[in-house]
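Down below is the structure, laid out as structure tokens.
The values are calculated or read from the model by the stated rules, or taken from the named source; none is laboratory data. All figures in this text were calculated on a predicted structure; none of them were measured in a lab. FYI the Cβ positions are ideal-geometry reconstructions off the backbone, even for glycines, and counts take in every protein chain you see. Keep in mind that these areas ignore ligands, DNA and RNA; they rest on the heavy atoms of the full protein, side chains included. Shrake-Rupley method; radii C 1.70, N 1.55, O 1.52, S 1.80 Å.
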Amino acid sequence: MATKFLLPEDGIPTSWYNVAADLPTPPPPPLHPGTLQPAGPDDLAPLFPMGLIMQEMSTEPTIEIPDEVREIYRLWRPTPLLRARRWEKALGTPAKIFYKYEGISPAGSHKPNTAVAQAWYNKEEGVTKLTTETGAGQWGSALALACQLMGMECLVYMVKVSYYQKPYRRSMIRVWGGEVIPSPSDTTECGRAILAKDPDSPGSLGIAISEAVEVAVKRDDTHYSLGSVLNHVTLHQTVIGQEALAQMEMADAYPDFVVGCVGGGSNFAGIAFPFVGENLKKGKKTRCIGVEPAACPSMTKGLYAFDYGDTAKFTPLLKMDTLGHDFVPPGIHAGGLRYHGMAPMVSHLHQLGLVEARSVMQTEVFDAGISFSRSEGIVPAPESNHAIAVVRQLAEDCRQSGEAKTILFNLSGHGHFDMAAYDNYLDGKLEDYAYPEEKIKEAMKNLPKV
Ligand SMILES: *Cc1c(COP(=O)(O)O)cnc(C)c1O
């Protein structure tokens, strides 16, 4: 038995893998929103600790995981790698389907992998409080957990409509000691300005980001934290793919395909980048596929361009696959996949042809998720069902060709707080929707001229 990817006895990687080190060209740096010049470390310092800013810009091949972070990872890592034998049989496919299950983390998704790391680097630099935004609450609950474990305070601005419609993640934030405020709120200048114009504003991620950033910028003891998109977030998530490499080896298998859903791109990056690294360093030929909703198709329909990270144009400009910062997400149920942009590192790899993208319609997404659940038991998050839909397409290709390909996908989280979306599907109330080309062309006109 080969031992190339052997991990320490506890099965958890000792470092994060930085794909930037193995690329022919690095991704372009972020630009300052005012000057449109490359943003330096000092430009990011009001929001993030230097430890994370250095990771953001690093081209080192590996970055050591701090002991305290690794120790907390042991609460749920390594996560299991499972073979979906019963589902393979149900699909009648000769394909071998493996999945990495991130839903066993306390928050129920991959998000604590970066939340814990981000909290640690902030604590190291004397920061005592983190602010963030959350939509459906997955990121807010992950960060509240991480802050609690690090002895820090956490303030979460939760999009108002979700605050009232999805109360249970809000409850988790409170159980883990975080404070959660419906956004827009009267606790910030930008929140008050929006309420003055529209007292009944349902809120949006863009507004909640602006509130969380405002609080962080005004206070020395407080920083802001982002749950996806940025390089340091994709870096932290590579524990998933590194564990998968070792676990696949134990199963004497190596994937022809690696599949993950993409919102901001972090869980896909986490499972795929270590395999992209093997492709680049050792000439392996794994195809890595990111799967997005047809309703929010930044990789398959968007433009690779510099754009703002938020609606209010507060953030640095990132070069990414984007639908435009004024993209208004349609009301699809996969709340975690509604962001207008894509991680710059994922977008760059897409541009270089090192990863692929597909989009899927939401009824196919839920149909595939339920098919998986009826064989394997786990009820996946609606986001994860996007990956499952494409895995099923690949398995069907194998059924028709008779080829026994090996497929690995990331089951990024469980769907226990998303059962209303399942009910809607089962009651026949979900409709397919593809974001119209005209709207994309329209939004492209408002991209910053760089
Ligand atoms: C947030 C979330 C996603 C989407 O975010 P990425 O950064 O693209 O990974 C996917 N799945 C689950 C379960 C999530 O909570």
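The figures follow:
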read-out	value
The chain, dipole about Cα centre (Lys/Arg Cβ +1, Asp/Glu Cβ -1), debye to the nearest 20	820
The chain - percent of accessible surface contributed by carbon and sulfur, probe 1.4 Å	52
Per-peptide average of other Cβ atoms within 10 Å, ordering 137-143, 265-271, 237-243, 126-132 highest first	265-271, 137-143, 237-243, 126-132
Mean-position separation - Cα centroids, region 1-72 and region 381-450, in angstrom	28
Protection proxy ranking of 432-439, 50-57, 195-202, 394-401 - average other beta-carbon atoms within 10 Å, highest first	50-57, 394-401, 432-439, 195-202
Mean separation of Cα contacts under 8 Å, 6 or more apart, over the residue count of region 268-383: relative contact order %	27
Alpha-carbon Rg with Dmax, taken over region 112-226, Å	13.2, 41
For region 150-289, alpha-carbon Rg relative to the globular expectation (2.2 N^0.38 Å, N residues)	1.38
P(r) histogram, all alpha-carbon pairs of region 112-172 included - 10 Å bins from 0, percent	26, 51, 20, 2
Three-way shape label, region 222-339, alpha-carbon gyration tensor, a/c 1.5	prolate
Cα centroid of region 269-293 to Cα centroid of region 76-119, whole Å	17
Solvent exposure ordering (accessible area, 1.4 Å, most first) of 190, 147	190, 147
Inter-probe distance in nm under a simple model that places probes 7 Å from Cα toward Cβ, at residue 85 and residue 14	3.4
Most to least packed among 282-288, 386-392 [average Cβ atoms within 10 Å]	386-392, 282-288
Cysteines having no other Cys beta carbon under 4.7 Å from their own, within the chain	190, 261, 288, 296, 398
Region 186-230, Cα convex hull volume normalised per residue, Å³	74
Residues of type lysines that residue 441 reaches as a straight line, Cα spacing below 27 Å, ignoring anything fewer than 8 places off in the same chain	301, 313, 319, 449
Formal net charge of residues neighbouring residue 411 (Cβ-Cβ distance under 11 Å; K, R +1; D, E -1)	-2
Scattering curve values for region 260-321, log₁₀ I(q)/I(0), Debye with Cα scatterers, q = 0.12, 0.30 Å⁻¹	-0.40, -1.16
Enclosed volume per residue, in Å³, of the convex hull spanned by Cα atoms of region 11-73	99
D (Stokes-Einstein, µm²/s), Kirkwood Cα radius, region 345-429, 1.002 mPa s at 20 °C	152
Paramagnetic reach from residue 420 in region 362-390 [backbone N under 17 Å; point 7 Å along Cα→Cβ]	381-383
Debye intensity ratio I(q)/I(0), log10, the chain, q values 0.07, 0.08, 0.11, 0.12 Å⁻¹ (C-alpha model)	-0.31, -0.41, -0.81, -0.98
